[in-house]
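Quick notes on the structure that follows.
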Amino acid sequence: MRVLHFYKTYYPDSVGGIEQVIRQLCVGTTRLGVTNTVLSLSRQKDLVPFQFDGHTVHRVPLNFEIASNACSMQALGALARMANEADVVHYHFPWPFMDMAHFVSRVKKPTVVSYHSDIVRQKHLLRLYQPLKHRFLRSVDSIVAASPNYLASSPVLARYSDKTRVITYGLDKTTYPAADPCRLAHWRARIGPKFFLFVGVLRYYKGLHILLEAAQGLDYPIVIVGTGPEEQALKEQAGRLGLTNVVFTGALDEADKAALLTLCYALAFPSHLRSEAFGISLLEGAMYGKAMISCEIGTGTTYINIGGETGLAVPPSDPQALRGALRTLWGNPDLARRMGAQAEARYHELFTSEQMAANYTALYQELVARKATASAGGSVGLAGLPPTP
């Protein structure tokens with residue numbers, strides 16, 4: 001079974017949540033006999049194919065962007081050629097250029113779309129994109145949502161309920177570095193033994209400006225790991241608010257991230273818009289047995305984090321409610337430990353890479369078998385037609 005994944009970016013160019021999902025999916029399904037290839041765009045000059053975690057990565061030049069929509073003319077030919085060699089083409093939505101590339105490249109193989117998120121921003125351009133989006137979603141064989149919460153709350157997915165199913169994201173802790181004692185000591189000395197942690201790309205929908213407001217008047221250390229388009233604005237906001245308890249680490253390697261996930265007291269994940277469809281770093285917190293704070297936005301964040309069980313869930317864009325949740329967890333270590341243990345148990349029950357890989361492998365096999373049956377049926381039907389009078 002050969003599967004081609006197509007998404008606008010991938011390792012090593014970026015390390016966001018969707019990239020981590022693709023990585024975990026490739027690692028998990030490779031163990032089940034799937035041969036995975038990832039096709040993505042890059043600004044780098046040396047674009048030689050390479051092996052990464054047991055799968056092949058091909059990159060083509062990113063030529064230009066329109067409203068954050070990465071485009072590449074070279075991707076059209078590469079997609080056509082590589083899809084022809086694959087058994088299944090696995091698209092990762094949203095990426096409007098991908099929809100167009102699917103038709104221009106005349107992909108005829110079985111197709112599955114991981115529907116990572118509705119498009120929330122750029123409402124005017126979205127109206128222009130709607131016809132292409134729906135033509136694309138009608139044309140693919142299967143659509144996958146990552147949580148029942150998102151499937152139930154997405155008006156787009158409601159139109160394709162006949163071809164949509166839920167397969168939750170999963171992580172494999174063995175793909176994360178073991179916590180290094182020297183790094184643990186370094187971070188413990190720098191921050192202290194007790195702190196809240198956020199990990200992720202610093203984007204507009206992450207709600208970090210709300211977290212900074214919530215941090216006013218508190219002296220709890222809050223560590224923000226990552227970089228992104230909102231980084232400078234957030235640092236300026238922290239300066240205006242006089243927040244000396246907030247540490248921006250910038251981008252860190254996997255070993256440092258693993259150390260901070262090991263050490264942290266709890267996860268603070270304040271994403272306030274539906275662009276946050278799941279929250280991979282929130283799931284990482286559960287995997288490390290940490291209590292969590294998230295917002296109820298009708299997406300996978302509160303499928304991972306069950307309010308009152310694995311952590312606390314607060315209304316979005318509400319600094320006072322978020323501040324109250326921070327205070328509640330900080331002041332109740334027994335509660336935080338109990339919620340962390342329940343979060344880890346829920347991870348093992350629902351969110352392992354093995355489960356995700358098994359479910360996707362079964363879907364790939366189903367789509368290939370369906371295509372073979374349809375082709376055979378078509379051939380038999382034509383052969384069995386009565387002669388023309």
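The values are calculated or read from the model by the stated rules, or taken from the named source; none is laboratory data. All values derive from a computational prediction rather than experimental measurement. Cβ placement follows ideal geometry from the backbone for every residue including glycine, while neighbour counts extend to all protein chains displayed. When the accessible area is computed, the model is the full protein with side chains, heavy atoms only, and any ligands, DNA or RNA have been set aside. Shrake-Rupley method; radii C 1.70, N 1.55, O 1.52, S 1.80 Å.
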Legend entry - Residue ID - nearest to the chain's Cα centre (by Cα), chosen from residues in the range 353-374 that are polar (S, T, N, Q), over 20 Å from ILE280 (Cβ atoms) and open to solvent by 50 Å² or more (accessible area, probe 1.4 Å): GLN365
Inset, instruction - Specify the residue that is nearest to the chain's Cα centre (by Cα); the eligible residues are those in the range 217-241 that are in contact (Cβ under 8 Å) with a residue 40 or more places away in the chain and over 14 Å from ALA251 (Cβ atoms). - result: ILE222
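For the subset of the range 137-160 comprising residues that are touching a strand residue (DSSP E or B) at 6+ places or on another chain (Cβ under 6 Å) and aliphatic (A, V, I, L, M), which member is most open to solvent (accessible area, probe 1.4 Å)?
In the first step, residues of the range 137-160 are kept if they are touching a strand residue (DSSP E or B) at 6+ places or on another chain (Cβ under 6 Å); the result is 140-145, 148, 151, 157, 160.
Cutting the leftovers down to aliphatic (A, V, I, L, M) gives us 140, 143-145, 151, 157.
Values: VAL140: 5, ILE143: 0, VAL144: 3, ALA145: 1, LEU151: 52, LEU157: 1 Å².
Out of the qualifying residues, it is LEU151.
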Inset, instruction - Residues being over 26 Å from ALA67 (Cα atoms) and assigned to a helix (DSSP H, G or I): count how many of those fall in the range 211-248. - result: 9
Legend entry - Sole residue being at pLDDT 95 or above, crowded, with 19+ Cβ neighbours inside 10 Å and basic (Lys, Arg), chosen from LYS206, LYS163: LYS206
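When residues of the range 278-300 are filtered for being in a loop (DSSP other than H, G, I, E, B) and either among the charged types (D, E, K, R) or open to solvent by 10 Å² or more (accessible area, probe 1.4 Å) (or both), how many remain?
First, pick out the residues of the range 278-300 that are in a loop (DSSP other than H, G, I, E, B): 278-279, 288-290, 296-300.
Cutting the leftovers down to either among the charged types (D, E, K, R) or open to solvent by 10 Å² or more (accessible area, probe 1.4 Å) (or both) gives us 288-290, 296-298.
The total comes to 6.
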Inset, instruction - Count, please, the residues in the range 19-35 that happen to be buried (at least 21 other Cβ atoms within 10 Å of the Cβ) and farther than 17 Å from ARG59 by Cα. - result: 6
Inset, instruction - Evaluate the range 72-88: report whether one residue or more is surrounded by 14 or more Cβ atoms within 10 Å (Cβ to Cβ) and modelled with pLDDT under 95. - result: no
Legend entry - Single residue of PRO333, PRO315 found to be open to solvent by 30 Å² or more (accessible area, probe 1.4 Å) and in contact with a helix residue (DSSP H, G or I) (Cβ under 9 Å, 6 or more places away or on another chain): PRO315
Legend entry - Matching option when the condition is out of contact with any Lys or Arg (no Cβ under 7 Å at 6 or more places or on another chain) and surrounded by fewer than 22 Cβ atoms within 10 Å (Cβ to Cβ), among VAL15, VAL57: VAL15
Legend entry - Test result for ALA313, under 18 Å from ALA152 (Cβ atoms), in a loop (DSSP other than H, G, I, E, B), aliphatic (A, V, I, L, M) and under 21 Å from the mean Cα position of the chain (by Cα): no
